[in-house]
Amino acid sequence: MADIYERLHKIMVDNWRAVVLGLISALAFLLIWQAYAGYLHGTWLFHRTKPAGIADFIPYPGAVIAAFFESFVHRDPASQLYMTSHILASLKRVFLGFIIALGLAVPVGLLMGRSMGAAAAGRPIVELFRPIPPLAWIPLFLVMFGLAWGPVGIVFLGIFFPILLNVIFGARSVDVVITDAARTLGARSRDIFIKVVLPFTLPYLMTGIKVGLGIGWMCIVAAEMLGNVGGGVGYYIFAMLPLGRIDLMYAGMLVIGLLSVLTTGVAGVIERWVYRWMGMK
Amino acid sequence: MDGNEVIISLSHLSKVFSKDHMEVRALDDFSLDVTDGEFVCLLGPSGCGKTTVLRIVAGLERKSGGSVKVKKKEVTAAGSDRGMVFQEFALFPWRTVARNVEFGLEVKGISPEKAHEISSQLIELVGLKGFEDAHPSQLSGGMKQRVAIARALANNPAVLLMDEPFGSLDAQTRNLMQKELLRIWSATRKTVMFVTHSVDEAVFLADRIVVMTARPGKVREVFEVPMARPRDRTSREFIEVRGKVLAELDEEFEKARAKELSPE
């Protein structure tokens, strides 16, 4: 415990300038929001002259923060669930999509990165499908794979390509002189693959995972909005609008942002750990 | 010192590279015998194919013709009986010093305990005791090359092939590493084939210096260097040998330059 405190303290001291600047900008953002909301709602300095409109959609920051906490302690007005249930539903889908993407992208990427034939065979398909936004597949996937697996499929598509491309790039970047050295030390193809190509590709994989997770969260929100897939933060955000609970809608958005930060943060910690283990800076 | 047994035997070795439908003859009728425990330097203008000779002996490059025998066996592929040290160090950055040295033993299936024993001996031999758990990124260039030498020696190879190993080091480190290499060599009695483009380095290190011709590379002249070690760079004898080798090399260098200016 003391160790964690010490490390946090060190981070704060080392990055105090960054921390202070970050706090200032966050505070400034909240102030401007507060002022603008006050203006819209006619409670701040001048009276609003325009009729209701945009004001209904811009609550005070305090209301959003209150709604954020409320969503965890009260059941929501649409599906009578707590926010934790929605988070779990979304997390489960992102996790499943992530695992499937990882399980497929890593072997395919290694193969395409190390074999000219596999690269030539795979490239047209990858190049054709990669630029199609995963969101374009949502209607089809919800019908094809159903409401349970459709969103997982969308997340899979979002995460698959960043991981695939990074793994291909990493496997291809292995220094020839390093594989040459391994060969003169008696390594066979299998040894080179396991003891040279795999560790060399690991940092690239971590980059792919970080990028992929961010895209995965974008995908899940969109997928959950387009069908009543049984809870999920995306569904929650979409369901609050017709009920006029703009504050809860913002709370859901905030949750998505925090979840994305959290998962990318975890991936970042693992990445740093991997780097340290591998003796890289 | 040596039983005059031929360890590396190259006869009529040739190598043709084809690139963009153009054939480049890198080596032509290159013949050389290296005996047990001998330290041979290959010297030549850049692009003369001296690295290619080394890579063919290592089994990293296929020959186009002739024969390459190491311990009377024709070389067909890379193998742990021929250790190689590269100019770029070529260490595994994710492995510690000890684990780099143990790579070849690990691949061979030698038990971790035994591998550890061998690696700690070699790490001591190359003067890196205390750095077993350091990663290559924490080492200087000279230290990295010490690791690479220990790593190549771990397989107890018959020959040590060194491709401009000190080429990327600064002058001081380079001189120090040359002395260190001689110390390690006299402790292990390996047969060494050492590629360099520095006449000074060759005269300081070698029993024999093989001066190669400009492309296509073949043996132009072989100099015996009978001086006792450690050699004094400022001695008359040293300067004399260096002068002779330099004169040969200069002619080839001029040829190589002329060839560069007039495309084939």
Which condition does B:VAL53 not pass, out of (1) buried (at least 19 other Cβ atoms within 10 Å of the Cβ); (2) away from every other protein chain (no Cβ under 14 Å); (3) in a loop (DSSP other than H, G, I, E, B), if it passes all the others? (3)
Cβ-Cβ below 8 Å, separation at least six or inter-chain, first residue in the range A:124-149 and under 20 Å from A:ALA105 (Cα atoms), second acidic (Asp, Glu): which pairs? none
Search result, residues across the range A:148-177 that are closer than 21 Å to A:GLY208 by Cβ, within 14 Å of another protein chain (Cβ to nearest Cβ) and of a type in the set (Val, Ile, Thr): A:VAL174
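Which of the following residues is in a helix (DSSP H, G or I) and more than 24 Å from A:TRP137 (Cα to Cα): A:LEU213, A:LEU243, A:LEU259, A:LEU198?
Details: A:LEU213 fails: more than 24 Å from A:TRP137 (Cα to Cα); A:LEU243 fails: in a helix (DSSP H, G or I); A:LEU259 fails: more than 24 Å from A:TRP137 (Cα to Cα).
Every option except A:LEU198 fails the conditions.
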From A:GLY97, A:GLY109, which residue is closer than 30 Å to A:LEU262 by Cα, in the same structural domain as A:GLY244 (by TED's automatic domain parsing), over 19 Å from the mean Cα position of the chain (by Cα) and surrounded by 18 or more Cβ atoms within 10 Å (Cβ to Cβ)? A:GLY109
Residue that is farthest from the other protein chains (Cβ to nearest Cβ) [pool: residues in the range B:68-88 that are within 22 Å of B:ASP28 (Cα to Cα) and in contact (Cβ under 8 Å) with a residue 24 or more places away in the chain]: B:LYS72
May I ask you to say which residue of A:PHE160, A:PHE145 is assigned to a helix (DSSP H, G or I), surrounded by 18 or more Cβ atoms within 10 Å (Cβ to Cβ) and not β-branched (Val, Ile, Thr)? A:PHE160
Any residue that is within 22 Å of A:GLY62 (Cα to Cα), of a type in the set (Ser, Thr, Tyr) and assigned by TED's automatic domain parsing to the domain that holds A:GLY150 - is there at least one of those in the range A:238-253? yes
Just wondering, is there one or more residues in the range B:133-141 that are under 22 Å from B:GLN178 (Cα atoms), more than 12 Å from chain A (Cβ to nearest Cβ) and in contact with a Phe, Trp or Tyr (Cβ under 9 Å, 6 or more places away or on another chain)? yes
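The values are calculated or read from the model by the stated rules, or taken from the named source; none is laboratory data. In this text the structure is predicted, and so the values were computed from the model without any measurement. Cβ coordinates were reconstructed from backbone atoms using ideal geometry, including for glycine residues, and neighbour counts include every protein chain displayed.
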